[in-house]
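The values are calculated or read from the model by the stated rules, or taken from the named source; none is laboratory data. Given the structure is predicted, the values throughout are model-derived calculations rather than measurements. Cβ coordinates were reconstructed from backbone atoms using ideal geometry, including for glycine residues, and neighbour counts include every protein chain displayed. Keep in mind that these areas ignore ligands, DNA and RNA; they rest on the heavy atoms of the full protein, side chains included. Shrake-Rupley method; radii C 1.70, N 1.55, O 1.52, S 1.80 Å.
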Amino acid sequence: MESLTNRKVVVSDKPMTFMEKLYLPGIIKGMLVTFRHILMRRKTIKYPEETREFAPIYRGMHVLKRDEQGRENCTACGLCAVACPAEAITMTSAERTNADKHLYREEKYASMYEINMLRCIFCGLCEEACPKEAIFLTDRLVPTQFERGEFIYGKDKLVEPVDHRIDITKRQFTGKRTTL
Amino acid sequence: METFFWIDKLVLVVLLFLISLGIAAYQTYFERKLAGWIQDRVGPDRAGPFGILQPIADGVKMFMKEDFTPANADKWLFILGPGIAMFTSLITSAIIPWGTDLQLFGRSISLQVAEINIGILFAFGIISIGVYGIMIGGWASNNKYSLFGAIRASSQMISYELAMGISAITIIMISGSLDLRAIVESQHGMNWNIFYQPVAFLVFFICALAETNRAPFDLPECENELIGGYHTEYSSMKLGLFLFSEYVAMFVSSAIMAILFFGGYNFPGMDYFTDSPNLLSILSVAVFFAKIFLLIFVFMWIRWTIPRFRFDQLMHLGWKVLIPIALVNMLVTGFVVALYEHWF
Ligand code: SF4
Ligand code: SF4
């Protein structure tokens with residue numbers, strides 16, 4: 001049979017020659033190989049100081065977007081939670097009062113919205129499911145913590161601050177609404 | 001004179017103690033760095049610039065760990081084991097001539113703690129006691145893995161000590177003395193023994209690897225079969241002493257190899273410095289340490305290149321390969337030395 005790669009090696013158990021039995025040539029050859037590796041350039045990325053370059057559409061920590069007037073987009077429809085294969089999302093909805101009109105865009109909003117970052121597999125299906133352009137994955141990393149509970153992100157960590165918007169334009173695919 | 005003598009020796013002893021420990025500590029750092037480099041990694045680099053504080057962090061860690069003694073262990077032997085291991089590793093450095101004499105305060109100060117005329121015998125005696133630390137530690141732990149480690153260590157020691165001794169005899173025959181300083185003096189300049197006795201060096205080096213329990217002969221500890229071997233049950237600084245004594249032993253055996261085969265503190269062109277004995281002394285110490293570090297590097301280089309031997313292969317190599325080679329080498333050397341002395 002013709003082999004597909006040139007990596008095929010025929011195994012044999014022929015007795016070792018005298019040179020092979022000495023082992024020393026083999027050992028010296030091996031030591032030269034390791035010595036070459038001492039001189040090689042390291043490919044390590046020293047993480048906190050250096051970071052790997054991300055793809056423009058990297059799927060990292062989520063953000064809950066606000067619209068231009070600073071109102072939260074999410075209407076607590078629950079489609080993201082349904083779409084989520086890891087069951088990482090949970091929320092409770094509430095009805096918007098007149099006094100809160102400047103805070104929430106839709107009449108119904110999420111009074112509580114949580115993503116468990118330990119469950120999340122960063123597949124991006126929540127983002128795809130969302131009809132309101134409310135949730136997006138960003139190129140930010142979820143920072144490490146010492147306690148498991150700290151990985152459950154509430155609205156305090158997910159909703160973008162009004163004065164510090166998070167750019168998600170790279171992940172806005174064509175065919176989706178870009179404005180309201 | 002007498003008091004000065006004691007002061008000199010005391011200062012030298014304390015210095016040697018600190019240097020041995022310091023070098024052993026930084027050997028652990030360098031070993032991890034080298035392992036990293038060989039495996040295309042960076043190695044420890046977090047503690048201080050380039051990670052040079054890593055040995056201190058490791059030491060602090062060792063001290064902070066719980067010091068645990070197994071219930072069925074023999075308490076006294078359990079404590080004695082690491083003590084003996086450390087003691088025997090350190091004590092050999094006393095007989096090593098570290099450099100030519102210093103001229104200070106109008107006196108000549110010898111850089112050798114104990115000038116005994118049977119230095120090499122003393123070194124071998126101490127090295128063979130060294131295995132008692134491991135044996136006692138493994139036995140006292142009352143654990144089958146530890147016992148296996150101890151048994152392996154002692155059988156390995158017996159098998160390799162023979163070939164090591166025989167290959168050292170060739171050096172003794174060439175230089176005609178058991179005194180380490182005389183052996184060093186006989187290799188003045190570039191007249192090193194390695195050029196006359198490459199085979200003896202090879203045998204001696206392989207045996208030194210086995211005696212210090214370094215890979216590929218680290219069967220007494222081998223992590224993946226014996227989960228640590230003789231030090232399985234040890235924790236805290238007792239474990240630290242065991243691990244540390246291995247590095248001190250590596251340092252000292254590199255020094256002995258440098259003396260026996262690489263001319264100790266001799267270096268080519270040392271005759272130019274006869275007018276300034278102090279400069280010569282400092283240079284000779286530096287050269288000696290450079291040789292030691294090079295040998296230590298080779299020790300580590302081998303460890304991260306060659307896989308561990310199987311136990312039967314180890315015995316085969318020791319008894320059926322190294323001892324015959326060493327014996328033939330000794331006989332040939334004996335004949336040549338005898339011929340040389342009678343006919344020339
Ligand atoms: S984020 Fe989007 S999909 Fe999820 S509840 Fe809010 S509006 Fe619905
Ligand atoms: S990225 Fe995927 S796993 Fe994570 S919350 Fe969204 S849908 Fe769930």
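Computed values, structure above
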item: Yes/no for residue A:140 being open to solvent by 40 Å² or more (accessible area, probe 1.4 Å), free of Cβ contacts under 8 Å to residues at least 12 places away in the same chain, assigned to a loop (DSSP other than H, G, I, E, B) and more than 13 Å from ligand 2 (Cβ to nearest atom); result: no
item: Checking residue B:37 against (1) in contact with a helix residue (DSSP H, G or I) (Cβ under 9 Å, 6 or more places away or on another chain); (2) modelled with pLDDT under 85; (3) open to solvent by 50 Å² or more (accessible area, probe 1.4 Å), the condition it does not meet; result: (2)
item: Complete set of residues in segment A:56-67 that are away from ligand 2 (no atom under 16 Å from the Cβ) and either farther than 13 Å from residue A:155 by Cα or hydrophobic (A, V, I, L, M, F, W, C) (or both); result: A:56, A:67
item: Conditions (1) modelled with pLDDT under 90; (2) over 30 Å from residue A:50 (Cβ atoms); (3) out of contact with any helix residue (DSSP H, G or I) (no Cβ under 7 Å at 6 or more places or on another chain): number failed by residue A:94; result: (1)
item: Number of the condition not met by residue A:85 [criteria: (1) part of a loop (DSSP other than H, G, I, E, B); (2) away from ligand 2 (no atom under 11 Å from the Cβ); (3) more than 30 Å from residue A:48 (Cα to Cα)]; result: (2)
item: Selection count, segment B:280-313, where residues are in a helix (DSSP H, G or I) and closer than 19 Å to residue B:250 by Cβ; result: 16
item: Condition met for residue A:30 (assigned to a helix (DSSP H, G or I) and surrounded by 13 or more Cβ atoms within 10 Å (Cβ to Cβ)); result: yes
item: Some residue of segment A:111-125 being in contact with a Gly (Cβ under 8 Å, 6 or more places away or on another chain), assigned to a loop (DSSP other than H, G, I, E, B), at pLDDT 90 or above and within 15 Å of ligand 2 (Cβ to nearest atom); result: yes
item: Qualifying position, being on the phi > 0 side of the Ramachandran plot and more than 16 Å from ligand 2 (Cβ to nearest atom), among A:78, A:70; result: A:70
item: Candidate set from segment B:285-338 (those that are in contact with a helix residue (DSSP H, G or I) (Cβ under 7 Å, 6 or more places away or on another chain) and among the small types (Gly, Ala, Ser)); member that is farthest from residue B:266 (Cα to Cα); result: B:318
item: Criterion (within 15 Å of ligand 1 (Cβ to nearest atom), not charged (D, E, K, R) and not in a strand (DSSP E or B)) met by exactly one of A:99, A:76; result: A:76
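Let's see how each residue does on (1) crowded, with 23+ Cβ neighbours inside 10 Å; (2) of a type in the set (S, T, N, Q); (3) in a loop (DSSP other than H, G, I, E, B):
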| position | (1), (2), (3) |
| --- | --- |
| B:103 | no, yes, no |
| B:112 | no, yes, yes |
| B:147 | no, no, no |
| B:154 | no, yes, no |
| B:165 | no, no, no |
| B:178 | no, no, yes |
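Per-residue answers, yes or no, for (1) surrounded by 14 or more Cβ atoms within 10 Å (Cβ to Cβ); (2) within 14 Å of chain B (Cβ to nearest Cβ); (3) free of Cβ contacts under 8 Å to residues at least 24 places away in the same chain:
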position	(1), (2), (3)
A:60	no, no, no
A:66	yes, no, no
A:70	yes, no, no
A:93	yes, no, yes
